[in-house]
Every structure is written in C-alpha cells, then in structure tokens.
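Read through the structure below, which is laid out as structure tokens, and then see the notes.
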Amino acid sequence: VTPVRNELLRQILKPYIISEKSDSDISFSKEIYQARRAASGASLQLQMLFAGVRLGIIAPPMKSCEGNFASQRLAMIEHQLRARGITDERVLEVMGDLAREQFIGPAHRHEAYEDRPVPIGSGQTISQPYIVALMSQELAVGPDCHVLEIGAGSGYQTAILARLAKEVFAVERIAELARRAGDVLDELGITNVTLTTADGTLGLPEHAPFDRIICAAAGPDVPEAWIEQLADGGRIVMPVGGSETQNLIALDKHGQKTSRRNLCGVRFVRLIGQQGWNDYA
C-alpha cells in the first residue's frame, strides 16, 4: 500500500491502480513496484515519476529547470544507458548519482541530459551520456586502479572515474577548462584527483605506471608514451582516426605485446599535442 499525495501523478498512474480506499491508501499493480525498485532511495514522488517513465506512460522531460534534473537523470539511466546495453552496475550507480548539470555552464545547463554532446566552452564539449558510460564500462576500472585521464574537459568523466578508482591523474591542456573542472570537483568534495594542465599526449611519466588510461579526444593512433606508461595487464580506451571518422578502441597490454579491438564508430574533437595532432589548429 503506497500513499500518493500528488494528484497529477495519481491520475497518470490510474490504469495501474488495483484498489483505492482513500487518497492516501492506494495499491498499485506489480509493474509499478518493480519500476519503483530501480529508483529506491529517491523520494516517493520521484519514484512514482520514474515508474511512469519506465513504463512508457510518462514522457521523460527534454527541457528542464533545477527542479527536474533528478528525474531526467533517472530517465537517462533507463533509456539512454540500460536500453543500449550498459550493464556495469557501478557505472550506472555513479552516473545516476552524479549531477551532470553541475559540469555545464548556465547557457547550456538545460541540455545536460539530452542524448548528444553539449558545449562547455573553448570549442570543447561534454560527451554524450551513452559514450561516457560506454567508455567507463569498457575501461573496467577497479577500486584499486590508478587511472590517467587525458582531456578532462568539464570534469564530468573525471568525477565518475574518481568514484570508481583509487586515484585519478587528469590532464587538460586548456587552462580555463582545467580551472573550472577543478572548482566543480572541489565543490563535490572529490579528493582523489590530481588535475594538471599539460600536453596530455606525453602522459605523466612521473606518476606512471597506470592501470587504466582514458582519453576523450581522437588521435591518429595511440601515443607511444601512453603504452610505455601503461602497467602490464592495463588498458587504454580512446578514439583513433582522422578528423571525420574515428573508431573507439580498447587496447590491452600484456608484457611487451598489445592487442586492440574496435568498439564502435565515434566522432570526437582532435587530440592536440606532440604525439597527437601536432599542428595546434
């Protein structure tokens, strides 16, 4: 028996009501309870809203104000991530908890949960939620991992990695983006990230070896510096290719040998630096 105090939600979910003794004493069908379970821990009203979205009887909101970012985040998890094959529960839990809108400036904040990249300034973007989730899942970060991130950008991927790994070393070549990302990470109380402004294509040899390396910019190939700084048994996830067509790849290192597999076609900004695209265009 579930008390429902919001009349609009009660009317929307009416087809799923199996008994109604009073306005606050309502029993719903098992589908509602199963859908609510995925949003456990949220307020009752938010659980019911998420249940409606999951069952397809409430459309997920596309435009937002501060009040409904949480519901959009739940819809993102269900429709953009789970529905496309993201199954890593640690990744889903972190992305379901982390406020993506905090990493986006006011002009584009209402676009935070749309199914596409969003501008963050300096000609850069925050990646589409699905791509962030896919790269995080394929990276397979364990709680004891030391991770190198190239292209911190807004700091969103950095914050996800920080909650999955033991320690994160993040590099961002654009000083203004690095400053803003650092401010957001500080506001969130994240303390296991070292953020550096440098040429990320050279890695950070002073902090190597790294168990995992991830990059949100496309290079002509995987920089040799990263392979050298990758621990035995480690993995790199990054896009590789030209300016127009690229493949997201996972590279694994075993002793002196590496193997790679293609994950999907993507389109990222170029990886600028000595071991990337070196023209700084």
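Every number in this text was worked out from the coordinates using simple rules, so none of it is lab data. Bear in mind that the values here come from a model prediction, so they are computed numbers and not experimental data. With ideal geometry, Cβ positions are generated from the backbone for all residues, glycine too; neighbour counts draw on all protein chains shown.
Brief remarks on what is shown
- Database remark: amide H of T196 closer than 5 angstrom to the amide H of A170, V171, E172 (H placed geometrically; neighbours at sequence offset of 5 or more, or on other chains; Pro and chain starts carry no H).
- Rounded if a/c under 1.5, otherwise prolate or oblate - region 141-229, Cα gyration tensor axes: oblate
- Under-5 Å amide H pairs with V266, H placed in peptide plane, nonlocal only: Q246, N247, L248
- Shape of region 76-167, Cα gyration tensor, a/c cut at 1.5: oblate
- DSSP-defined beta bridges in region 170-281 - what % are antiparallel, rounded to 5: 65 percent
- Dipole of region 86-162, positive end: most advanced residue of I120, A140, T87 [Cβ charges, Cα centre]: I120
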